[in-house]
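Notes follow the structure.
The values are calculated or read from the model by the stated rules, or taken from the named source; none is laboratory data. Note that the coordinates shown come from a computational prediction; the quantities given were computed from them, not determined experimentally. Heads up, the Cβs are rebuilt from the backbone with ideal geometry, glycines too, and the neighbour counts pull from every protein chain shown. When the accessible area is computed, the model is the full protein with side chains, heavy atoms only, and any ligands, DNA or RNA have been set aside. Shrake-Rupley method; radii C 1.70, N 1.55, O 1.52, S 1.80 Å.
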Amino acid sequence: MNWIKQKIDELFKKRNVHDSSRIEELRLDFKSRYHNFKLLLNSNNKSLEIMAEMEQALAGNKVFGMSFIRTNCTAVSVNILTMINNLNKLAPEKYSELYDRFGHIQKELDDLLHQKEIQIETRLVIPFEQITDNMSNSVGGKMAKLGEIKNKLNIKVPEGFAITAAAYEKFIQENDLQEEIDSITLASGADNLKELDIISAEIQHKIINADVFKKLDQAVTKEWEKLEKRAQKKIPLAIRSSALCEDSLDSSFAGQYRTELNVDRESYAQVYKEVISSKYSVQAMTYRLNKGFRDEDISMCTGCMAMVDSVAGGVVYTRNPVDTKDDSIFINSAWGLPKLVVDGSDSFDLIVVSREKEKSFKIKTQEIGTKKIKFVSSDEEGIETVAIPEDEQKIASIDEKTIYQLIELSIKIEDYYKIPQDIEWALAKDGTIYILQCRPLQQIELSATGDDTKGPESDPKADMSADLVIQGGITASPGTAYGPLYLATRDADILIFPEHSILVVEHARPRWAPLLNRAAAVISEHGGFAGHLANVAREFSVPAIMNLNKAMEKLTHGETVTVDADACSIYKGKKEAILKREKKVKKNLMKGSTVFKMLENSSDLIIPLNLLDPDSNNFKPSSCKTFHDITRFIHEKSVHEMFNFGKDNDFPEHSSKQLHFNAPLNWWILNLDDGFNKQIKGKYVRLKDIISEPMLAFWQGFIAVPWDGPPPVDSKGLMSIMFQSTMNPSLVPGIRSKYADRNYFMISKNYCSLNSRLGYHFSTMEALISERTSENYISFQFKGGAADFERRLKRVHFIQDILEAYDFNVEVTEDNLMARIDGYDREYLKTRLMILGYLSLHTRQIDMIMTNIKRVRYYRTKLGKDIDGML
């Protein structure tokens, strides 16, 4: 019988872990595992930070572009793959299914980010006679509208042709430019306004130095020759931008792209490249960024139209752009080319026409500006500035006959499109009026109403005339603003302009447009409400005063003022009586845009959390629908793998120890590294042997105030608990379940992870606190309860209210609460850990009274007093 006993002993005998080589091997193995665990946690935190940044972009007025989306999607993908790799090092082959789920989600994300509308139109050049409004995806909105009014309304438009989106795409493709452009914007960060100047110059340089491919050159030459044959003379052209999405109702792109006038055939190729490269001008890139357009959605078409050697030109607004109740027609006119009106280079004439009954019109006012210069076509190429003799400066640039002809054409276009119009026109030497551009006119309401429109003087309690700095000009965009004045005179000012300052310039040129999303208001000595800068100011809801004489002289750089654009007045200091009239909320320009929708759609694959309950049968890799699900799954399983190491290997040194302390339930602690002040032998550890700062802070809060016991339960609350316990036996105290061992810490000196089951709910907490403030964080999840769903939901909102009062960022999904706080110093975060410790004990079973308003108020007051007293 002895030999049988010997065999049995050998069969069941455990490996001697006290063998020094085996112990050293396990130590090294645990050290390696702990390293992988730390890498996993680091990637988890980075992933959550990226998700939080994406959520903030969706929730607020943050300006972002595709670079922001691609960068964050790439970063979160890299971090999640790192988490998967490290989890599989903790448990080789055990979680390999995660690679499949990751690959599936990543493919969906890649397909989404790289989708692009396919161009159906393959022609490189299309003559105006063949263009209609439904071709905006092929020739751009500007040329599509010109073709429409020419061919459907028989309105005079200069002869010409459009170079299509297909031609632009082919040009980019032939010169291998898209990959270079993507590389530059992604590497430099095209969402960073301070970097745009460098990015812009680099991309434009590459486009301008590329070659126009042969087929496009031949197609343009052919159409140009047709124009010259019909005219029986050489014809210079105006090469005008006509980008996709340009000249729409909400996004005019006014003045953001380049137009070159009076171009001959020999120069066309170079000029074409300069015009399409203006897609990457600083102002155009900023505009797209602020309005949420994807770079890849904007193909640069161009319109090539016969040059009109105009004696006068300008802009017609068929309604008042800053007052929806005013149906007057506004005609802005200057000598020579209309360029002077649209770029705000000088003063010009303003004619206001009222609408009488049955389409009769009457000139209401006629303000003749002092026109010192005009732009004319050069005898050779391009345009030149010509000084106007002093005795001609106050002469009207157009007569009454021309005024009524412009009205007739403008109303015809407005009636056709059935919305107010912004129309650029030119008067040829033979008296013919040509329409150069038409687009929807965006109207906005004056911010003040009633008598307030008269300005602050109308308020007898607000006599601020002594503080009036300057008054005059015209309202180009209504509203009020307060801030320091910034007098900008050079391009470099765009890079250093302080946010929320008031921009003051001499000329209202489009180059200042990049500042409108940072400016509180705009003031210009020259220009009107028909200029490009005024257009963009209205789109961005930025108050603007134009044509304010001597603004640069009378306003002092750095002085704090209040701007009342409605009353065209500027006051010293902050005038609450004026500012309180402002009722407009600055709109989120990006919401609803292509880029915003792209962030929404990509976030759907990244941010939502569906895996809420780690004890559910669905808590498995195949149930991961988003990247957040994967992070949740990995975090849960990595904690288990670390906690089970000592037990699985019969290795006491890194096995969990039970906390020897008189506290509710049993608490187990796994020392990851330096969480104990000495090596603990046996099964128990005392609190005095623990030096983990986050755990001790949590525990301090946990024991700070004795628990009063469960709250009194009414009959409905009791029935709810009994029902839930019946439906889920694992929740019944006394029944052995996987819940029972769920109260354990994993610790090091600066790190703590807690999985806790107190009563009927479970929670997880993770914290890192050290001297490196930027790395510090606390995350907390709370779920479950014994009551019905309504009471559980009310409890998580109850806890949410408390945590948000102490600076936690909190999200609630059903009865699951997730809270996070980061970036604070060590001592501050210790107090927040104390709060979590306190709440973990004192919110036990509180869900049972959540429908009793009086009891809820009592506990909210009590918990608040306890926390404040504890802190």
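When Ile383, Ile351, Ile329 are checked against the criterion of being of a type in the set (Val, Ile, Thr) and at pLDDT below 90, a single residue qualifies: Ile383. Among the residues of the range 42-71, those identified as touching a strand residue (DSSP E or B) at 6+ places or on another chain (Cβ under 8 Å) and open to solvent by less than 60 Å² (accessible area, probe 1.4 Å) are Asn45, Leu48, Ala52. Of all residues in the range 463-477, those satisfying the criterion of being within 28 Å of Thr324 (Cβ to Cβ) and not aliphatic (A, V, I, L, M) are Gln471, Gly472, Gly473, Thr475, Ser477. Among the residues of the range 594-635, those that are surrounded by 21 or more Cβ atoms within 10 Å (Cβ to Cβ) and at pLDDT below 85 comprise Val595, Leu611. Of all the numbered requirements in (1) of a type in the set (A, V, I, L, M); (2) at pLDDT 80 or above; (3) part of a helix (DSSP H, G or I), Met642 misses one, and that requirement is (2).
Only a single item in (1) in contact with a Pro (Cβ under 8 Å, 6 or more places away or on another chain); (2) open to solvent by 20 Å² or more (accessible area, probe 1.4 Å); (3) farther than 23 Å from Ala284 by Cβ is not met by Tyr486, and it is number (3). Selection of first residues in the range 506-531 that are closer than 16 Å to Met285 by Cα and part of a loop (DSSP other than H, G, I, E, B) and of second residues that are open to solvent by 10 Å² or more (accessible area, probe 1.4 Å) and of a type in the set (Val, Ile, Thr), restricted to Cβ pairs under 8 Å at least 6 apart or on distinct chains, gives the following pairs, ordered by first then second residue: Asn517/Val63. Taking the condition modelled with pLDDT under 90 and not in a loop (DSSP other than H, G, I, E, B), does Ala466 pass? It is true that Ala466 is modelled with pLDDT under 90 and not in a loop (DSSP other than H, G, I, E, B). State whether one or more residues within the range 527-550 are open to solvent by 10 Å² or more (accessible area, probe 1.4 Å), in contact with a Ser or Thr (Cβ under 8 Å, 6 or more places away or on another chain) and on the phi > 0 side of the Ramachandran plot. Within the range 527-550, one or more residues are open to solvent by 10 Å² or more (accessible area, probe 1.4 Å), in contact with a Ser or Thr (Cβ under 8 Å, 6 or more places away or on another chain) and on the phi > 0 side of the Ramachandran plot. A residue that is modelled with pLDDT of 85 or more and buried (at least 24 other Cβ atoms within 10 Å of the Cβ) can be found somewhere in the range 494-502.
Of the helices (runs of 4 or more DSSP H) that lie entirely inside the range 258-354, not one contains 3 or more residues that are among the small types (Gly, Ala, Ser) and either open to solvent by less than 10 Å² (accessible area, probe 1.4 Å) or under 27 Å from Ile184 (Cα atoms) (or both). For Tyr99, the criteria (1) open to solvent by less than 50 Å² (accessible area, probe 1.4 Å); (2) of a type in the set (Phe, Trp, Tyr); (3) under 30 Å from Asn42 (Cβ atoms) hold in every case but one, which is (1). Each residue in the range 780-838 was checked for being aromatic (Phe, Trp, Tyr), more than 30 Å from the chain's Cα centre (by Cα) and farther than 21 Å from Leu612 by Cβ, and 2 of them qualify.
Which is open to solvent by 40 Å² or more (accessible area, probe 1.4 Å), touching a helix residue (DSSP H, G or I) at 6+ places or on another chain (Cβ under 7 Å) and of a type in the set (S, T, N, Q), of Thr74, Thr82? Of the residues listed, the single one that is open to solvent by 40 Å² or more (accessible area, probe 1.4 Å), touching a helix residue (DSSP H, G or I) at 6+ places or on another chain (Cβ under 7 Å) and of a type in the set (S, T, N, Q) is Thr82.
Considering each residue of the range 779-797 in turn, none proves to be buried (at least 22 other Cβ atoms within 10 Å of the Cβ), out of contact with any helix residue (DSSP H, G or I) (no Cβ under 6 Å at 6 or more places or on another chain) and among the acidic types (Asp, Glu). Given the criteria under 30 Å from Tyr434 (Cα atoms), open to solvent by 40 Å² or more (accessible area, probe 1.4 Å) and not in a helix (DSSP H, G or I), does Lys226 qualify? It is false that Lys226 is under 30 Å from Tyr434 (Cα atoms), open to solvent by 40 Å² or more (accessible area, probe 1.4 Å) and not in a helix (DSSP H, G or I). Filtered by the rule that a residue be polar (S, T, N, Q), out of contact with any Pro (no Cβ under 8 Å at 6 or more places or on another chain) and within 25 Å of Ser278 (Cβ to Cβ), the range 300-325 gives a lone residue, Thr302.
Of the set (1) open to solvent by 10 Å² or more (accessible area, probe 1.4 Å); (2) at pLDDT below 55; (3) not basic (Lys, Arg), all apply to Thr773 but (2). State which residue is nearest to Thr626 (Cα to Cα) when the search covers only the range 106-156 and only residues that are basic (Lys, Arg) and crowded, with 18+ Cβ neighbours inside 10 Å. Restricting to residues being basic (Lys, Arg) and crowded, with 18+ Cβ neighbours inside 10 Å, the top hit is Lys142. From the list Ile398, Ile407, Ile411, the lone residue that is outside any helix (DSSP H, G or I) and at pLDDT 90 or above is Ile398. Can you tell me which residues in the range 153-177 are without any contact (Cβ under 8 Å) to a residue 12 or more places away in the chain and more than 11 Å from Phe213 (Cα to Cα)? Answer for the range 153-177, where residues must be without any contact (Cβ under 8 Å) to a residue 12 or more places away in the chain and more than 11 Å from Phe213 (Cα to Cα): Asn154, Asp176. Take the conditions open to solvent by 20 Å² or more (accessible area, probe 1.4 Å) and at pLDDT 80 or above and apply them to His507. Does it pass? It is true that His507 is open to solvent by 20 Å² or more (accessible area, probe 1.4 Å) and at pLDDT 80 or above.
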